[in-house]
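The values are calculated or read from the model by the stated rules, or taken from the named source; none is laboratory data. The model shown is predicted, which means the values in this text are computed figures rather than measured ones. A quick note on method: Cβ atoms are made from the backbone with ideal geometry, for glycine too, and the neighbour counts reach across all protein chains shown. Areas reflect the complete protein model, heavy atoms only, side chains present, ligands, DNA and RNA absent. Shrake-Rupley method; radii C 1.70, N 1.55, O 1.52, S 1.80 Å.
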Amino acid sequence: MSVNRRRGEVAAELDGQSYRLCLTLGALAELEAAYEADDLGALVERFAGGRLSARDLIRILGAGLRGGGNAVGDDEVARMQAADGAAGFAAIVAELLAATFGVKTAETPPRP
């Protein structure tokens, strides 16, 4: 799958299927509302801290999937599987955040 990193897109394989993820402006607004963040700076601070919960991974992946044009809800994301389990999800989220904000979270491993 071809992605455009300049637009903040990343590719991920979930449940054996390839997806394009992107934190579009709408996806970022969705995350601002979910985290009750006043602005993008507050989101960057939260994500750069590196302490992301499983619920955070679900929300970020869900927003990224929807931003990439995939019609999936967070409940569906919660049931998905990634290579390397939770570490695989964390790596996808780290790559997505780096593509969007240019930051990596402290506790998420690099993607294999």
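Laid out as a table, the results:
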quantity	calculated
The chain, relative contact order in percent, only Cα pairs under 8 angstrom and at least six apart counted	32
Mean accessible surface per residue for the chain, computed with a 1.4 Å probe while every protein chain stays in place, in Å²	55
Residues Arg46 and Asp15, FRET efficiency given R0 of 22 Å [Cβ-Cβ distance, rounded to 0.05]	0.20
The chain, accessible surface, carbon-and-sulfur percent (1.4 angstrom probe)	47
Highest to lowest packing among 91-100, 27-36, scored as the average C-beta count within 10 Å	91-100, 27-36
Solvent-accessible ranking of Ser53, Ser2, Ser18, largest area first, probe 1.4 Å	Ser2, Ser18, Ser53
